[in-house]
Amino acid sequence: MAPSPSHPHPHTPGPHPHPHTPAPHGAGHHRHGHTAPDGAGPQDGLARLLDLDAELFAPYRAGVLDRLAHLAGDGVSRITDLGAGTGTGTFALLERFPAARVTAVDTSPDMLALLTAAARERGLDGRLTTLEADVTEGLPGAAGADLVWASAALHHFGDPAASLAGIRAALRPGGLLAVAEMDGMPRFLPEDVVPDRPGLEGRLRAALDALHAEQVPHLGDDWGAHLTAAGFTVELEHAEDLELRAPLPAGAGLYAYLVLARVRETLDGRVAGEDLAALDALVGGGPDDVRHRDDLVVRSRRELWVARRPGDAA
């Protein structure tokens, strides 16, 4: 499963894709003329979105991996990337833990094929194994991991207890699980981005939150409580509000477009027609399109829990 954008997520980043969630925590096909750039198909658009999320927030991810390395200590040799998607987390893990091999797990064979090709191009295929699997049904071939990385993944599964039981079985005693999540759709727009529809983004986000409550009920959960109930020892909880302002990195406008185009698809028929028309102007290729606005601010809240399977000291 890719870290669903909705996973960015990134709701990037359970089965993949989820048509009810905008990227990066879910996919969805583009209609209404909002197709992926350059004629790419929906899967290509999702892959580009996941990669852009990783590029824009690379410093945050590097800091997270530094925390993990500190907690894991020396000797990390076997890592499982749960919900690997296009492999942005996989490659970051391979770089941060140069002595380790990574098993990339996803329910999407298309994503695993993309990841395998990318690893081959980078000369990293000798340190990578892929596994098409659902964690709630076990992770054959991924037992004895020192570290499991689950980015924007666990909320897609219907039963957190079953998911965490599967992960616990795949970890060695003393091994670490890192659960990385985001709180929903990233924010991009000023309050008056459409003067006739002030507060547009807030209404879109509220509608998404209501939909997620029905269809992805564990999005936004306190994973610390789930981890404790599953018998893990929580060693770190961290939340951070990320914000990118002008001058924005390259790709920020495209990132906003890909997220909002998925929002447009997901919320068709669920919000006022006037709001959909306003959103059309922001993703329709005209002068107000987010890909060439100078008033974007990229905001996203990221949360991290790191827990240890009780047993021998790491």
Sort the stretch 204-251 into rounded, prolate or oblate with this rule: let a ≥ b ≥ c be the square roots of the eigenvalues of the Cα gyration tensor; rounded if a/c is under 1.5, and if a/c is not under 1.5, prolate when a/b is larger than b/c, oblate otherwise.
oblate
Take peptides 209-215, 179-185, 238-244, 109-115 and line them up by average Cβ neighbours within 10 Å, highest first, as a rough protection proxy.
179-185, 109-115, 209-215, 238-244
Other-chain or far-sequence residues with amide H under 5 Å of Val234's (modelled H):
Arg308
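Give, in nm to one decimal, the length gained when the segment between Ala250 and Asp221 is fully stretched (0.36 nm per residue of separation minus the Cα-Cα distance).
The Ala250-Asp221 span can extend by a further 7.2 nm.
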Sketch the reach of a paramagnetic label on Ala169 as a point 7 Å from Cα along Cα-to-Cβ, and name the residues of the stretch 113-150 whose backbone nitrogen lies under 20 Å away.
130-150
Total charge dipole magnitude, the stretch 164-304, about the Cα centre, Cβ charges on Lys, Arg, Asp, Glu only, Debye to nearest 20:
480
Step through the residues of the stretch 293-304 one at a time and calculate ³J(HN,Hα) from phi using the Karplus curve (6.51 cos²θ - 1.76 cosθ + 1.60, θ = phi - 60°), rounding each to whole Hz and writing x for Gly and Pro.
9, 10, 10, 6, 9, 8, 10, 7, 9, 10, 10, 9
What is the calculated FRET efficiency for Asp289 to Glu121, with r their C-beta to C-beta distance and R₀ = 35 Å, to the nearest 0.05?
0.65
A chain fully extended from Val297 to Asp74 at 0.36 nm per residue, minus the present Cα-Cα distance, gains in nm 76.4 nm
Choose one of Leu93, Val193, Ala165: the residue whose Cα lies farthest towards the positive end of the charge dipole of the stretch 91-232 (beta-carbon charges +1 Lys, Arg; -1 Asp, Glu; about the Cα centre).
Leu93
Could you work out the relative contact order of the stretch 160-259, using alpha carbon pairs under 8 angstrom and six or more residues apart, expressed as a whole percent?
29
With label points set 7 Å from each Cα along the Cα-to-Cβ direction at Ala206 and Asp159, the distance between them in nm comes to 3.6
Once amide H atoms are placed 1.01 Å from N in the peptide plane, what residues at a sequence separation of 5 or more from Thr130, or on another chain, have their amide H within under 5 Å of its amide H?
Ala104
With the other protein chains left in place, how much accessible area per residue, in square angstrom, belongs to the stretch 179-314 at a 1.4 angstrom probe?
44
What is the list of residues in the stretch 154-178 whose amide nitrogen lies under 15 Å from a point 7 angstrom out from the Cα of Ala143, following Cα to Cβ?
166-173
Starting from the Cα-Cα distance between Asp196 and Glu237, subtract it from 0.36 nm times their residue separation and give me the gain in nm to one decimal.
10.7 nm
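The values are calculated or read from the model by the stated rules, or taken from the named source; none is laboratory data. For clarity, every value in this text was computed on a predicted model and none was experimentally measured. Cβ sites come from the backbone with ideal geometry, for glycine too, and all protein chains shown count toward neighbours. We work out accessible area using only protein heavy atoms, side chains counted, and drop any ligands, DNA or RNA first. Shrake-Rupley method; radii C 1.70, N 1.55, O 1.52, S 1.80 Å.
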